[in-house]
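Sharing a structure, written as structure tokens. Questions coming.
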Amino acid sequence: MFRIRSVVAGLRALFRKRQVEREMDEELRDYLDAAAKDKMRSGMNREEATRAARVEMGSVDAVKEEIRSVGWESTLETIWQDLRFGLRVLRRNPGFTAVAALTLALGIGGTAVVFSLLDAVLLRPLPYPHSERLFRLFPLEGKRKRGVEQASYGDFLDWQRQTRTFESLAAYRGESLNLTGTAEPERLEASTVTPGFFATLGVSPALGREFRSDDPESVAILSYALWQRRFAGDAGIVGKSIHVEGRACTVVGVLPPQIRFRSMPWAAPVSEIYVPVVPTPARNWHSVRVLGRLAPGVSKEQALAEMNGIAARLKQAYPESEALGIDFEPLAQYVVSGADQTVWLLLGAVAFVLLTACANVANLLLSQGAAREREMAIRTAVGASRGRILRQLLTESLLLAGSGGAIGVALAYWAIPLVGRIAPPFSSLFSRLEDAHLHLNWTVLAFGALLSLLSCVLFGILPAWKATRPAQSSLAASRMGGTRGGLVALEVALSLVLLVGAGLMMKSLIRLLDVDLGFRTEHLLTMDLRASEAKYSTPEKQAAYFDRILQRLAAAPAVLSAGAVTDLPLTRYFKRDDFQIPGPHPVQGTANYNTVSPDYFRTMGIPLLNGRELEMGDSANSPLVGVINRSMAGKYWPTENPVGKTIVVYRYAAEQTSAGTRVQFKPRLLEIVGIVADARQYALEEPTRPELFMPYDQWPEQEMRLVLRVAAEPSSLIPRVEKEIWRVNPDQPVTDIKTMDEWLAREAAGRRFILLLIGAFASIAAVLAAVGIYGVASYGMRQRTHEIGVRMALGARRQQIVWLILRQNLSWLVIGIAAGLAGAIALTRLLASYLYSVRPTDPSTFALIMLVQIAIAGLASLIPARRATKVDPMVALRYE
Amino acid sequence: MKSSELVQGTLDMLILKTLALEPLHGYGIALRIEQISKGVFRVNPGSLFPAFRRLERAGWIRPEWRPTENNRRAKFYQLTTLGRKQLKAETEEWARQLAAITRIMRAPAISDL
């Protein structure tokens, strides 16, 4: 009850100020009158009584102030006063305010940008209901029970049938499918899924339904985006027929727009079309990924125990199955797949920038505090308590932090889309940023506000506390006193650590791009062709098809040579399999199996070292031949020449039986006819592995990558190349058209992203630190102007004075650099997984950065020092 | 005779007690406290008037403008029902504390022996 009364009374005091004041005056006057009357009754005359009463009361204003301070509204008013006064102070020193606000803006804005990355990668939940109960299940294999990505379809069916702890399980597999039969053939990113897949995720289709177990194979579900893009949002699409891979498919459903599913979080684009999984019962063929929804009330441990029991039973029933156990991870974690590590690293780096900015602003405030000593003395004398002054100074800091934060958030708004654009494609980071739609949202805004508050505390408390201390002698303040010097040392250390990090990343990147690829990259155009299953259903047809295409392309003007390969270097695809060297002691080996056209090596510029290359004569009817790379020759035939030798390879054979597809690997003899030089394979940083190249006439593939060495700018020839291909088959989608330089850039994209960000942070921190050093050195110089004048009048030379000023700052800079080195040595190990061929404690990088930092610090201190000597001694002497 | 310092809470209680008998204006309350305490407590306006506002905000006293001679008006304070309850509670608490302090002070100390 009394709270309302208090609120009402307080509001009245605020809004009816004059009336309340009048009443107070009246009441106090009455008191004085009554007191005077009382004294007159005791015998004083009117004058004496009045005066005595006044003296007893003391200062009327002081009493009124006491009365006013009782209500809550007085606190409000003092805060309001503080704010207005603070604004006035800031406006009075526009230069200082601008520098401080901008410095803070850089720190707060940068941190907000990185936080928005964190928000998109980690904090945004998956768009499925109760996504914390969704898990990805995977089998454990081998002696060390390591997890493998995929499970066998047969195993999956048994898991699904037998589990009680999982409410539902579903399996899926990534695929790419040609959408044909319409104006422009297109290759679509697809996922093949089991019935109940979407129910497991918790998604209901926007139109139609999802797959049921009695559905025929030729059905499809479209993503919302595909439905809008290719079918114009046709409301009657359900039930209509579309052409996929040359066959008719009935559309049974369309997904809602917020569903963005990727069959692999780091590599695959969002699936646009979904078709039923093709059953592959072979227990040793890992063909599907499995996800499941945990039943309500079931703990992860219970599920783990049950699933491992099921796996053990299955292993006994089917000895050829390789799964020894099962493990699972939260789907949210799988989707992030290590991207959070990068973001945390960047957050740590940008925190250094924020700290440097706060140290800079603290230094600015300290310098300003010394200049306001007089003002503080007056205020204390008039009666302000230390707490009151402290509060007012902190309000000023809050205003600074607020304006810095506002500018910082504006900077972040501009910078966040930029950062999104340089994110490395084909990484889980990129996928998460895309799926979570990276932008400045309320969470980031709130975080920015929090940061402003935090930085206000960081940079504001120390200067405010120092400013309210009793005044010190000006001599003590003239040196780069303990606090200021310490702050400068801190800034130097922080920026040094960042610079070292940036230096290491840059060296890594240079080393990476310097790697000898083993082939020539210039003017190389690549594209992906997947022959439609319906039109080219047999291996012979496939091989002939690619033959025709290559012939046409090789004949086209500006095309110097054309080749085809299954796994192109740097495209992150490879197929590894076993082979055997027969003999009295057979040797088992492993190599990459790669299928190529005869002109491939010539097109790529990979030299032949021994024997012969593959030729047109190596056709389906002649004995199997192959070419190996130098690594394979060196590893398995260290002392002899492998050319002419025979090995046993395993050939994939798929049989259609009544139970589904049966997969077998049949051993065949293959003669090695040549050795080629090593070329990088999977990724830029992986060393070359043994590789076996087979002619595609003998090992036909449905999908091959074409490589063209061209005489002109590759991108200008794309339309011509497409035309030639469409002359052979107008329905052929030509996809993933990239130059080899683009593939190379993609390899470097991840490191380049980190380098750009850490480099930006390091530059900002270094500039801030230099500005900080300059500011404090200038200030110190100004304080000693009088002293310098005296020295110069007494005959000191310029150099001596410069050295004098430098010397006082030197100890702090040395401390800063030493601390920075120590910090860098301790912290750069966090970068280790991102570095290539560079140690985290690489001495040359450390030495170079240290020199850079010394140069910057030296310059920043030198300029004010030299300016000090230019002062006219007469002026300096008069300066007080 | 010097006036002793009064703790804020105690002053509040004394004001409430003073008003328990009849409504008074500011000086009247100060005078009554001084008289009844036989001069031990002389409250200055710097403590008195903030106390009035405090008690008013808490709802324990209610201000009343009464007309006086000279066509003027004076601000009188009156104890409310809530205030009466508060006074009773504080009186009991004060008695309890006083008894406890008295007990402690009466107990023989080593230095007394």
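Exactly one condition in (1) β-branched (Val, Ile, Thr); (2) crowded, with 18+ Cβ neighbours inside 10 Å; (3) within 20 Å of A:Gly71 (Cα to Cα) is false for B:Val7; which is it?
If we test B:Val7 against (1) β-branched (Val, Ile, Thr); (2) crowded, with 18+ Cβ neighbours inside 10 Å; (3) within 20 Å of A:Gly71 (Cα to Cα), just (2) comes out false.
Any idea how many residues of the range B:74-100 are within 14 Å of chain A (Cβ to nearest Cβ), surrounded by 14 or more Cβ atoms within 10 Å (Cβ to Cβ) and either in a helix (DSSP H, G or I) or among the basic types (Lys, Arg) (or both)?
The total comes to 4.
If we keep just the residues of the range B:42-73 that are within 12 Å of the chain's Cα centre (by Cα) and surrounded by fewer than 18 Cβ atoms within 10 Å (Cβ to Cβ), which is modelled with the lowest pLDDT?
The residue in question is B:Arg42.
Of A:Ser508, A:Ser537, A:Ser532, which residue is among the polar types (S, T, N, Q), assigned to a helix (DSSP H, G or I) and more than 21 Å from A:Ser715 (Cβ to Cβ)? If you could, list the steps in order and put the result at the bottom.
Details: A:Ser537 fails: assigned to a helix (DSSP H, G or I); A:Ser532 fails: assigned to a helix (DSSP H, G or I).
Unique residue meeting the criteria: A:Ser508.
Are there helices (runs of 4 or more DSSP H) fully within the range A:726-835 with at least 3 residues that are among the charged types (D, E, K, R)? List them. Step through it out loud before you land on a result.
Details: elements: A:740-783, A:785-793, A:798-827.
Answer list for the range A:726-835: A:740-783.
Still on this model: Cβ-Cβ distance below 6 Å, separation of 6 or more or different chains: which pairs start in the range A:701-720 with a residue that is at pLDDT 90 or above and end on one that is acidic (Asp, Glu)?
Filtered contacts from the range A:701-720: A:Arg705/A:Asp528.
Evaluate the range A:44-65: report whether one residue or more is within 26 Å of A:Leu394 (Cα to Cα), touching a residue at least 12 places away in the same chain (Cβ under 8 Å) and within 11 Å of chain B (Cβ to nearest Cβ). Steps first, answer last, please.
Let us first name the residues in the range A:44-65 that are within 26 Å of A:Leu394 (Cα to Cα), namely A:62, A:65.
Next, from what is left, pick out any that are touching a residue at least 12 places away in the same chain (Cβ under 8 Å): none.
Checked against the condition, which is being within 26 Å of A:Leu394 (Cα to Cα), touching a residue at least 12 places away in the same chain (Cβ under 8 Å) and within 11 Å of chain B (Cβ to nearest Cβ), the range A:44-65 yields no hits at all.
Check A:Leu804, A:Leu851, A:Leu821, A:Leu859 and return the single one that is modelled with pLDDT of 85 or more and either surrounded by 17 or more Cβ atoms within 10 Å (Cβ to Cβ) or under 25 Å from A:Trp344 (Cα atoms) (or both). Talk me through it step by step, then tell me what you get.
Numbers: A:Leu804 fails: modelled with pLDDT of 85 or more; A:Leu851 fails: either surrounded by 17 or more Cβ atoms within 10 Å (Cβ to Cβ) or under 25 Å from A:Trp344 (Cα atoms) (or both); A:Leu859 fails: either surrounded by 17 or more Cβ atoms within 10 Å (Cβ to Cβ) or under 25 Å from A:Trp344 (Cα atoms) (or both).
A:Leu821 is the lone residue from the list that is modelled with pLDDT of 85 or more and either surrounded by 17 or more Cβ atoms within 10 Å (Cβ to Cβ) or under 25 Å from A:Trp344 (Cα atoms) (or both).
If you don't mind, there's one more thing I want to ask. Run down A:Leu137, A:Leu157, A:Leu169 and say which single residue is surrounded by fewer than 18 Cβ atoms within 10 Å (Cβ to Cβ) and closer than 30 Å to A:Gly297 by Cβ. First the steps, then the outcome.
Values: A:Leu137 fails: surrounded by fewer than 18 Cβ atoms within 10 Å (Cβ to Cβ); A:Leu169 fails: surrounded by fewer than 18 Cβ atoms within 10 Å (Cβ to Cβ).
Checking each option against the conditions leaves just A:Leu157.
Okay, next question. Take A:Met40 and decide whether it is modelled with pLDDT under 85, closer than 24 Å to B:Val43 by Cβ and more than 7 Å from every other protein chain (Cβ to nearest Cβ).
Numbers: modelled with pLDDT under 85: no; closer than 24 Å to B:Val43 by Cβ: yes; more than 7 Å from every other protein chain (Cβ to nearest Cβ): yes.
The answer is no for A:Met40.
To continue, here is another question. Taking the condition surrounded by fewer than 18 Cβ atoms within 10 Å (Cβ to Cβ), assigned by TED's automatic domain parsing to the domain that holds A:Ala170, in contact (Cβ under 8 Å) with a residue 12 or more places away in the chain and within 21 Å of A:Pro425 (Cβ to Cβ), does A:Ala248 pass?
On the way: surrounded by fewer than 18 Cβ atoms within 10 Å (Cβ to Cβ): yes; assigned by TED's automatic domain parsing to the domain that holds A:Ala170: yes; in contact (Cβ under 8 Å) with a residue 12 or more places away in the chain: yes; within 21 Å of A:Pro425 (Cβ to Cβ): no.
No.
Among the residues of the range B:19-41, is any in contact (Cβ under 8 Å) with a residue 60 or more places away in the chain and either surrounded by 12 or more Cβ atoms within 10 Å (Cβ to Cβ) or within 14 Å of chain A (Cβ to nearest Cβ) (or both)?
The answer is yes; a qualifying residue exists.
Out of the residues in the range A:286-326 meeting the condition of being part of a strand (DSSP E or B) and farther than 22 Å from A:Ala267 by Cβ, tell me which one is farthest from the chain's Cα centre (by Cα).
Within the range A:286-326, the first condition is being part of a strand (DSSP E or B), and the residues that meet it are A:286-294, A:325-326.
So of that shortlist, the ones also farther than 22 Å from A:Ala267 by Cβ come out as A:292-294, A:325-326.
Details: A:Gly292: 28, A:Arg293: 29, A:Leu294: 30, A:Gly325: 34, A:Ile326: 31 Å.
Among them, the one singled out is A:Gly325.
Give the residue, chosen from A:Ser168, A:Ser223, that is hydroxyl-bearing (Ser, Thr, Tyr) and out of contact with any Leu (no Cβ under 9 Å at 6 or more places or on another chain). It would help to see each step written out before you state the result.
On the way: A:Ser223 fails: out of contact with any Leu (no Cβ under 9 Å at 6 or more places or on another chain).
Testing whether each residue is hydroxyl-bearing (Ser, Thr, Tyr) and out of contact with any Leu (no Cβ under 9 Å at 6 or more places or on another chain) leaves just A:Ser168.
Next up: Any residue in the range A:543-555 that is surrounded by 15 or more Cβ atoms within 10 Å (Cβ to Cβ), farther than 22 Å from A:Pro185 by Cβ and hydroxyl-bearing (Ser, Thr, Tyr)?
No: the range A:543-555 contains no residue that is surrounded by 15 or more Cβ atoms within 10 Å (Cβ to Cβ), farther than 22 Å from A:Pro185 by Cβ and hydroxyl-bearing (Ser, Thr, Tyr).
Test of understanding: among A:Glu66, A:Glu48, which residue is at pLDDT below 90, over 30 Å from A:Gly448 (Cα atoms) and in contact with a Gly (Cβ under 6 Å, 6 or more places away or on another chain)? Break it down into steps so the answer makes sense when it comes.
Details: A:Glu48 fails: in contact with a Gly (Cβ under 6 Å, 6 or more places away or on another chain).
Of the residues listed, the single one that is at pLDDT below 90, over 30 Å from A:Gly448 (Cα atoms) and in contact with a Gly (Cβ under 6 Å, 6 or more places away or on another chain) is A:Glu66.
Answer yes or no: is there a residue in the range A:69-85 that is of a type in the set (Phe, Trp, Tyr), more than 37 Å from the chain's Cα centre (by Cα) and within 14 Å of chain B (Cβ to nearest Cβ). Outline the logic, then answer.
As a first pass, look at the range A:69-85 and keep what is of a type in the set (Phe, Trp, Tyr): A:72, A:80, A:85.
Then drop every residue that is not more than 37 Å from the chain's Cα centre (by Cα), which leaves A:72, A:80, A:85.
If we keep only those that are within 14 Å of chain B (Cβ to nearest Cβ) as well, we get A:72.
Checking the range A:69-85: at least one residue is of a type in the set (Phe, Trp, Tyr), more than 37 Å from the chain's Cα centre (by Cα) and within 14 Å of chain B (Cβ to nearest Cβ).
Hey, can you tell me all the residues within the range A:1-36 that are within 17 Å of B:Arg72 (Cβ to Cβ) and at the interface with another protein chain (Cβ under 9 Å from one of its Cβ atoms)?
A:Glu23, A:Met24, A:Glu26, A:Glu27, A:Leu28, A:Asp30, A:Tyr31, A:Leu32, A:Asp33, A:Ala34, A:Ala35
To continue, here is another question. Only residues that are of a type outside the set (Phe, Trp, Tyr) and at the interface with chain A (Cβ under 8 Å from one of its Cβ atoms): list them for the range B:49-71, please.
The first filter runs over the range B:49-71 and keeps only residues of a type outside the set (Phe, Trp, Tyr), leaving B:50-51, B:53-59, B:61-64, B:66-71.
Correct list: B:Pro50, B:Arg53, B:Arg54, B:Glu56, B:Arg57, B:Ala58, B:Gly59.
For the range B:1-32, enumerate the residues that are among the β-branched types (Val, Ile, Thr) and modelled with pLDDT under 90. Full working, then the answer.
So the first thing to find is which residues in the range B:1-32 are among the β-branched types (Val, Ile, Thr), and the list is B:7, B:10, B:15, B:18, B:29.
Listed by number, the residues that qualify are B:Val7, B:Thr10.
The values are calculated or read from the model by the stated rules, or taken from the named source; none is laboratory data. Because the structure is a prediction, the values reported are computed rather than measured. Methodologically, a virtual Cβ is constructed for each residue, glycine included, from the backbone with ideal geometry; neighbour enumeration extends over all protein chains shown.
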